[in-house]
Every structure is written in structure tokens, then in C-alpha cells.
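Some notes on the structure that comes next.
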Amino acid sequence: MARLEDLPLRDNLRGKNPYGAPQEGAPARLNVNENPYPPSDALVEAIAEAAAKAASDLNRYPDRDAAALRQSLAAYFSKQTGVQVGADMVWAANGSNEVLQQLLQAFGGPGRKAMGFVPSYSMHPILCSGTDTEFIGVQRAADLSIDTEVARAEIARHRPDVIFVTTPNNPTGHVVQAEQLREILDEAPGIVIIDEAYAEFSSQPSAAELLAEYPTKLVVSRTMSKAFAFAGGRLGYFVADPAFVDAALLVRLPYHLSVISQAAAGAALRFADETLSAVKHIAAERERIAASLTEYGYAVFPSESNFLLFGPFTDPTRAFERYMADGVMVRDIGIDGHLRMSVGLDHENDRFLELSKRYAGEEL
Ligand code: PMP
């Protein structure tokens, strides 16, 4: 059997690790920032019905441009953000990971650079490797917020073609204010992707409010995987000037969104109000967990998402294993002394807190 090292792999992929969050192993999985609430019976039925209808057409390719779905996404996004956008400003793909990859295919690539403010979403650099885009990670401030002065200086120095700003940031939970975004956008020579995967959990206005000011620079990326409880459905989208949709059309695979995906996402969007009613409760649970962790003596980063970064642990890997052995899977994201937990069902959160209280008395 050949080993990976034996293959004529591109140099910039040599020695790299694939994305690899564990998918099973504990009764309470609080490790990948999913929405813990499964779809209602009514929604399951609506999806099954939509998929059955779509199935009678499976001999045909899907609508290449997903026009009906983009219309529904535009309506949802306009309502959620208060920023009126049309379907011509929305582009959809299989998860926001694919959306980000398409943007890198169009605006990054060999000889081009992307910048991110680390620690942030681990897939940004991995997508850069895949598209042969050089990734420049600019360190965040000690409190893990973005230092705008440092950001501007690094942008001026490196002149990146693509800049990623994640707000709320994964894995820290921080939000970036519109004024800070403006400073970054003003300095950016290329495009700025605002990754708003967790936006619905936050009270911050969407960066989409700046779209009219920065039509050739700003792209807002969103997903149905988190607040929308549709991680398994794989549907992400971006909102930007229609010219960005023209750019995506140049690099997307024809028929990238299956008939079934389009039908299922369309059905899920019709249940938006019902699904998103859980978001408020998740945010309230986040505050409850943060307050309890603080009471037990942990330091917790302020978060406007559905997860919390907390510590300190002398040995986070050992602490992770303790939680795991006690039935709770959190995430060791490789940040010194810290772990990340995603808000789960109430009883899972209770269990997590019970363990955290117990561990606070130990040397972990
Ligand atoms: N952006 C951020 C910041 C994320 O945390 C995630 C998921 N962990 C994604 C994008 C990708 O999500 P998906 O591909 O499921 O839309």
C-alpha cells in the first residue's frame, strides 16, 4: 500500500493535516457548535415531502443557479438583518465552507494572499492550502479581540487579496464592531469576507449594513448550519454586490447544489421562525453557563455565539480527556490553556457544569 508521502502531492499540501473534529465518542457532543435541537416533526415531514417531489425529477440536472432557493434566502436574510437584498445579491453552495472555497478560487489562488486574525476558524487556512493561496495569520490582541491598529499595519504591509474577519469569531465568541470593520475595509486592497456563521446568536447588526458603501470589497458569508439547525443539510450562502455572484459563477461546479439540497433547504427556510425560536434560548443558556463557570473560578471569554472559550487549564488535552471520560465531548482547539464548549440541550449543559465545578477543585 502506498503512503501519502509516496504520492506526487503539491508541495504546499505536504505535511498538512486534514480538518478533523471527532464525530462520536460521548453521549453529550458539545464540540462542533451545532444547534442541539433536531427539526420538529412538521419540518421533517415538509422536508420529506419536498424531497419526494424533487425526486420525481432526479433524471434531470437541478436548477444550476438555484434561483428559487436564492430568492428564499434573500427574503430570510432581508428580514433577519433589516438590510433589503435581492436574489441577485445572494449565492448559495454546499455549506459556507464551499462558499468560502469558491471565493478563494475566484479571488485567491497561486501568487495571491489571504489574511486572517488568529485564532479564528481553522478551515480558513485549510481552504487557502486547497486553493494554493498563501495564508497570513495575524495574531489577535492578548484578550483575543482584533487590534485594529495592528490589523491596518499588517494589511498595509502584506497587501492581501482576501481578508477574513469572523464575527462572532470562532473559537473566541468576540464580535467586531462596524467601525472596526470600516477601518479594515478602508485599508483593504482586495476583498473582505465577513464570516457571519454565528450571526443569529448575536445582537450585533450584520456587516451587510456596509454593503452599499463597499460594493467591490465586501462579502458577507452565512450558513444554515448553526442557528438554523441544518448542519446536515449543507447549505451556506454569501450576500454581496451582484458582481460577486458573477465571480462565483466562473468557478462553481455546474449543478453543485443537488435537487434534494435545494428542495430541503427551501422547506427549512419556510420554518425559519419556528427553528430560530430556539436561538434565544441557546443564547440565554450561554449566559447561564458563562456565569456558572465564572462562579467556579474559570475565566470565560465574552461570547455572542453558541459556544464559550474558557480556561485556564494547565493541560487542556488532559482536561479534554477528563470531560470525555465523563461523557461530555468539548473541543481542544489548540489554544494555550483553553477549551471550547458548544451550548447543548439543557441537561447536557447541566452535566457540563457539574463536571466543570468538580474539575475546578483539581489540578487540571
Ligand atoms: N465559518 C465558521 C466561522 C464556522 O465556525 C463554520 C463551521 N464550524 C463554518 C464557517 C462552516 O460551516 P458550514 O460549512 O457548515 O456552513
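The values are calculated or read from the model by the stated rules, or taken from the named source; none is laboratory data. The structure presented is a predicted model; accordingly, all values stated were derived computationally and were not measured. Methodologically, a virtual Cβ is constructed for each residue, glycine included, from the backbone with ideal geometry; neighbour enumeration extends over all protein chains shown. All accessible areas refer to the heavy atoms of the entire protein, side chains included, with ligands and DNA or RNA removed. Shrake-Rupley method; radii C 1.70, N 1.55, O 1.52, S 1.80 Å.
Past 25 Å, Cα to Cα, is the threshold; run Lys79/Lys217; Lys53/Lys280; Lys16/Lys226; Lys53/Lys79; Lys217/Lys280 against it and keep the listed order. Before the final figure, lay out the partial values.
Numbers: Lys79/Lys217 23 Å; Lys53/Lys280 33 Å; Lys16/Lys226 27 Å; Lys53/Lys79 28 Å; Lys217/Lys280 32 Å.
Where the Cα-Cα span goes over 25 Å, the pairs concerned are Lys53/Lys280; Lys16/Lys226; Lys53/Lys79; Lys217/Lys280.
What does the charge dipole of the stretch 42-272 about its Cα centre add up to, to the nearest 20 debye, if the Cβ of each Lys and Arg holds +1 and the Cβ of each Asp and Glu holds -1? The partial results should precede the final answer.
Numbers: 18 positive and 25 negative charges, 101 e Å.
Roughly 480 debye for the stretch 42-272.
Only sites in a loop by DSSP and with at most 16 other Cβ atoms within 10 Å count here; which trypsin sites (Lys or Arg not before Pro) in the stretch 1-97 make the cut? Before the final figure, lay out each step's value.
Working: sites: Arg3, Arg10, Arg14, Lys16, Arg29, Lys53, Arg60, Arg64, Arg70, Lys79; in loops: Arg3, Arg10, Arg14, Lys16, Arg60, Arg64.
Hits after loop and neighbour filter: Arg3, Arg10, Arg14, Lys16, Arg60, Arg64.
Write out the GluC sites (Glu not before Pro) in the stretch 1-91 meeting two conditions: DSSP loop, and at most 11 other Cβ atoms within 10 Å of their Cβ.
Values: sites: Glu5, Glu24, Glu34, Glu45, Glu49; in loops: Glu24, Glu34.
Loop-located and lightly packed - Glu24.
Can you list the residues, at least 5 places off or on another chain, whose amide H is less than 5 Å from the amide H of Val118, using H built in the peptide plane?
Sorted by chain and number, the residues that satisfy this are Val138, Gln139, Arg140.
Can you sort Tyr121, Tyr359, Tyr255 by 1.4 Å-probe accessible area, starting with the largest?
Working: Tyr121 45, Tyr359 5, Tyr255 75 Å².
Largest to smallest exposure gives the sequence Tyr255, Tyr121, Tyr359.
Which residue fluctuates the most in the chain, going by a Gaussian network model with Cα springs under 10 Å, if the choices are Ala268, Ala208, Ala54?
Ala54
How many percent of all Cα-Cα pairs in the chain sit more than 35 Å apart? Write out the running numbers ahead of the final one.
Details: 16780 of 66066 pairs.
Counting pairs separated by more than 35 Å, the tail of P(r) holds 25 percent.
Percent of accessible area on the stretch 42-272 owned by carbon and sulfur, 1.4 Å probe?
Working: 4690 of 9100 Å².
For the stretch 42-272, the apolar C and S fraction of the accessible surface comes to 52 percent.
Can you tell me, using C-alpha contacts under 8 Å and at least 6 residues apart, the relative contact order of the chain as a whole percent? Could the numbers behind the result be given before it?
Working: 649 pairs, mean separation 84.1, N = 364.
Answer for the chain is 23 percent.
Taking N as the number of residues in the stretch 1-106, what value does Rg over Cα atoms divided by 2.2 N^0.38 Å take?
Details: Rg = 19.8 Å, N = 106, 2.2 N^0.38 = 12.9 Å.
It is 1.53.
Just how far, in whole angstrom, is the stretch 281-343 from the stretch 115-173 if you go by their alpha carbon centroids?
Answer, in whole Å: 23.
Which percent of the Cα-Cα distances in the stretch 240-330 go past 19 Å? Intermediate values should be presented prior to the final figure.
Working: 2745 of 4095 pairs.
Result: 67 percent of Cα pairs exceed 19 Å.
Given a Förster radius of 41 Å and the C-beta distance between Ala291 and Glu45 as r, what FRET efficiency does 1/(1 + (r/R0)^6) yield to the nearest 0.05?
On the way: r = 38 Å, r/R0 = 0.93.
E(calc), rounded to 0.05, equals 0.60.
Work out the FRET efficiency for Asp336 and Ser56 from their Cβ-Cβ distance, taking R0 = 45 Å, and round it to the nearest 0.05. Each step should come with its number before you reach the end.
Values: r = 55 Å, r/R0 = 1.22.
Given R0 = 45 Å and the Cβ-Cβ separation, E is 0.25.
Can you quote the Å³ per residue value for the convex hull of the Cα atoms in the stretch 232-276, rounded to an integer?
95 Å³
Okay, helix-only estimate at 222 nm for the chain: each DSSP H run of n ≥ 4 adds -39500 (n - 2.57), divide by all residues, round to 500 deg cm²/dmol; what do you get? Please list the in-between numbers first.
On the way: 11 runs with 143 residues, N = 364.
That calculation yields -12500 deg cm²/dmol at 222 nm.
For Asp346 and Glu321, what is the calculated FRET efficiency with R₀ set at 30 Å and r taken between the beta-carbons, to the nearest 0.05? Could the numbers behind the result be given before it?
Working: r = 25 Å, r/R0 = 0.83.
About 0.75, to the nearest 0.05.
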